Amino acid sequence: MPSEKSIYNPNPAISRDAYISSMAEYRKFYEESLENPEEFWMRVAKQFHWETPADPKKFLQYNFNISKGPISIKWMEGASTNICYNLLDRNVRNGLGDTIAYYWEGNHPDDYSRGLTYRKLLEEVCRFANVLKDHGVKKGDRVSIYMPMILELPIAMLACARIGAVHSIVFAGFSSDSLAERMFDCQAKVLITADGAWRGEKPLYLKALCDVALEKAEEMGHTVEKCIVVSHLKRVTACAEDHVEQDIPWTEDRDFWWHEEMEDKEPACYPEWMEAEDPLFMLYTSGSTGKPKGVLHTTAGYLLYAATTFKIVFDYKPGDIFWCTADIGWITGHTYVVYGPLANGATSVMFEGTPFYPDNDRFWAVIDKYKVTQFYTAPTAIRALMKFGEAPVLKHNLNGLKVLGSVGEPINPEAWLWFYRYIGKEKCSIVDTFWQTETGGHVITPIPGATPMKPGSASFPFFGVKPTLLDESGVEVKGEGEGYLVFSQPWPGMMRTLFGNHERFESTYFSKFPGFYCTGDGARRDADGYLWITGRVDDMLNVSGHLMSTAEVESVLTEHHRVAEAAVVSRPHAVKGECLYCFITPNENETFDAKLVSELKKLVRERIGPFAMPDVVQHAPGLPKTRSGKIMRRVLRKVALNDRNVGDISTLADESVVDQLFKNRPADK
Ligand code: WTA
């Protein structure tokens, strides 16, 4: 078995041509980025267009210490620019007009595939920016987007950025309740969606779902004025044999077809010059209280950081073909399907489908088809694909690959090695990138030409990022050891606030340890200084790379009229990383039966989304509580694992509930 001691050096052929080709070089840049961040990022900024240049004296201003006043982070104050202009117009002007920005690959291999050049992308974005303007969308307005992985999605995002509207994308796997809640919270003016899409053999009727969400938002007291709908279903293959086409529900004067709106629009639109710290987008992430947090990113800093992390961490060179499998609905898709690659004039593959359709070799087929050079995916996908062995991989030529990336959760050494051996053929670098919606881009990651790799370690900080490990009382853990992972100075891509709630921003991320941004993750530093992310230290769990809070799920479960109390913990899962294990105390005189279990699962699906579906729902006549009424979750985690080694339970109000919980465990599947 691989151990922490196994070290895999980068392939010399990769190091030779890399932007950063040794640890010495990495350290030189890294030190400069900490000692003189202004100078470092000013150099990066030179490649972009600034309508008003930055004042070097005000390049970075911040307060990270809550005890000294409100938290604030400002990069390049006084500068103005437009991110869409930098991603598209600038690249076209630099001669990349005919370069492919995206190869689009549909859910079905026989679906039309489409290549979109930078010039064409710019035209489409301008036309859609004009559509938005005609519908009254102005600088600062919020636009919700709920779309499948189709090219209209980046077009819509960039059109928002062009006119200064703030996009708020909701992953299209979220339920209508979740969408409604998010549209209400950001007071969206417009919603952009598609009639539907196929996911493998399953049709998703997105517009119908949006209608429910629009109605719910209305009930909550907010009217979303317009809904623009891409007609997607008709242009792709119906993947289920018994499929019957459905009518798309429609509301006159509110709903508009994308293609009809685009028909007469000019393919040019003057960009809105934005202040460096004007909002670019918001993206909701789960919060430990259960209410989602609207993480807000701004313009200049995000551009610098997305562009630099993309270029350096994937070592992207002109001519390379980059593929990030993440859905744009998550931060990984924002930064590494859209903003990072386009800022570098890169060519990417955008994929609508799943790794398993029509067969379990789809990822490898797509890599082969487009001759992908950098492949960025999630550990959960690797673990799911490992199960099919090497045969599906061997059907395809993967020799073009140079860099393999992993994101979303810790990658276990077994999955790392499989990725390294069978996909990378022992010649690719693996970048295990640790970051968060909040960090905007990679913060702890190997650099492909430089970092000797240890399977399972995210290794070292990216430029500008200063990690510290703290113990519970806020004392720094130096050298080897484990603690809370925090950062002590701002990097350009970090979040600036939570939409409409700066107080929650300060209390969530800056109050536990004054002077530090707190990630909510734990980490361990080994004898060689490598960082190993150990997972969340709060009540959050990570199912297949999707972060959610136990409180969020508990509040859904207790909505059920037969439920008195619910407690949710995470349990390790071979493919998903973690899964949900729920304990339910029914109301007095209610019974716990299979019907209740299936109703509860359905409720979670409806309220949050299918990815949040619990694996186990167990009867808990009583929950293990301390005398002050706090649920002892570590005991529940032991019950979920069927591990009788529960430790000290002397502070429990009633110790006998523990035995009862073990007796009530459903048989493990
Ligand atoms: C986890 C995803 C270990 C972590 C970009 C973090 C990871 C949360 C890694 C953020 C990694 C992400 N190793 N853990 N390489 N990458 N995580 O906001 O717990 O969806 O806090 O952003 O995922 O999830 P989010």
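Report, in whole Å, the centroid distance computed from the Cα atoms of the stretch 218-249 and the stretch 559-585.
Rounded to whole Å, the Cα centres lie 32 Å apart.
Put +1 on the Cβ of each Lys and Arg and -1 on the Cβ of each Asp and Glu in the stretch 540-664; which of Pro572, Met632, Cys582 then has its Cα farthest toward the positive end of the dipole?
Of the listed residues, the answer is Pro572.
Sort the following peptides by mean Cβ neighbour count (other Cβ atoms within 10 Å, averaged over residues), highest first: 164-170, 133-139, 69-75.
Details: 164-170: 25.4, 133-139: 14.7, 69-75: 18.0.
Final packing ranking: 164-170, 69-75, 133-139.
Grab the DSSP H runs of the chain that are 4 residues or longer, score each as -39,500 (n - 2.57), total them, divide by all residues and round the 222 nm result to the nearest 500 deg cm²/dmol.
Values: 19 runs with 180 residues, N = 669.
Here the helix-only value at 222 nm equals -7500 deg cm²/dmol.
Run the dipole for the chain about the Cα centre, Lys and Arg Cβ at +1, Asp and Glu Cβ at -1, nothing else charged, and hand back the magnitude in debye, nearest 20.
Values: 74 positive and 89 negative charges, 317 e Å.
So the dipole magnitude of the chain works out to roughly 1520 debye.
What's the Kirkwood radius of the chain in Å, using all Cα pairs? Numbers along the way, then the final one.
Numbers: mean 1/r = 0.0386 Å⁻¹.
So the Kirkwood estimate lands at 25.9 Å.
Please list the non-local residues whose amide H lies under 5 Å from the amide H of Val563, H modeled 1.01 Å from N, same-chain partners needing a gap of 5 or more.
Asn587
Ranked highest first by average number of other Cβ atoms within 10 Å, how do 31-42, 242-253 line up? Don't jump to the answer; show the numbers that get you there.
Working: 31-42: 16.2, 242-253: 10.3.
Those peptides, ordered most packed to least, come out 31-42, 242-253.
What residue among Pro490, Pro448, Ala667 has its Cα farthest toward the positive end of the dipole of the chain, where the charges are +1 on Lys, Arg and -1 on Asp, Glu, each on the Cβ?
Farthest towards the positive end: Pro448.
Quick one: which residues, 5 or more positions from Thr117 or on another chain, have an amide H under 5 Å from its amide H? H modelled 1.01 Å from N in the peptide plane, none for Pro or chain starts.
Close amide H contacts, sequence-distant or interchain: Ala101.
So in the chain, which Cys have no other cysteine's beta-carbon sitting under 4.7 angstrom from theirs?
Among the cysteines of the chain, those whose Cβ sits 4.7 Å or more from every other are Cys84, Cys160, Cys186, Cys210, Cys227, Cys239, Cys324, Cys428, Cys518, Cys579, Cys582.
So what is the accessible area of the stretch 82-354 per residue, in Å², with the probe set to 1.4 Å?
On the way: 8850 Å² over 273 residues.
About 32 Å² of surface per residue is accessible.
Of the options Leu209, Asn107, Phe128, report the single residue whose Cα projects farthest towards the positive end of the charge dipole of the stretch 82-354 (beta-carbon charges: Lys, Arg +1; Asp, Glu -1).
Most positive-ward Cα: Phe128.
Return the sequence-ordered ³J(HN,Hα) values of the stretch 558-568 in whole Hz as given by the Karplus equation 6.51 cos²θ - 1.76 cosθ + 1.60 applied to θ = phi - 60°, using x for Gly and Pro.
Residue by residue, the stretch 558-568 yields 6, 5, 5, 5, 8, 9, 8, 8, 9, 9, 10 Hz.
Run the reach check for Lys395 against lysines, Cα to Cα strictly under 21 Å, same-chain hits fewer than 8 apart removed. What comes back?
Lys369, Lys371, Lys387, Lys425, Lys427
Measure off, as a whole percent, the carbon and sulfur share of the 1.4 Å-probe accessible area of the chain, all protein chains present.
49
Can you say what percent of the DSSP beta bridges in the chain, counting only those with both residues inside, are antiparallel? Round to 5. Let's see the in-between values first.
On the way: 59 of 100 bridges.
Percentage antiparallel, nearest 5: 60.
Based on the mean of other Cβ atoms within 10 Å per residue, sort peptides 9-15, 86-92, 102-108 so the most packed one is first.
Details: 9-15: 15.9, 86-92: 22.9, 102-108: 21.1.
Per-residue Cβ counts within 10 Å, averaged per peptide and sorted highest first, yield 86-92, 102-108, 9-15.
The values are calculated or read from the model by the stated rules, or taken from the named source; none is laboratory data. Note that the structure is predicted; figures quoted are calculated from it, not measured. In this analysis, Cβ positions are derived from the backbone assuming ideal geometry, glycine residues included, and neighbour counts consider all displayed protein chains. Remember, those area values only see protein heavy atoms, side chains included, never the ligands or the DNA or RNA. Shrake-Rupley method; radii C 1.70, N 1.55, O 1.52, S 1.80 Å.
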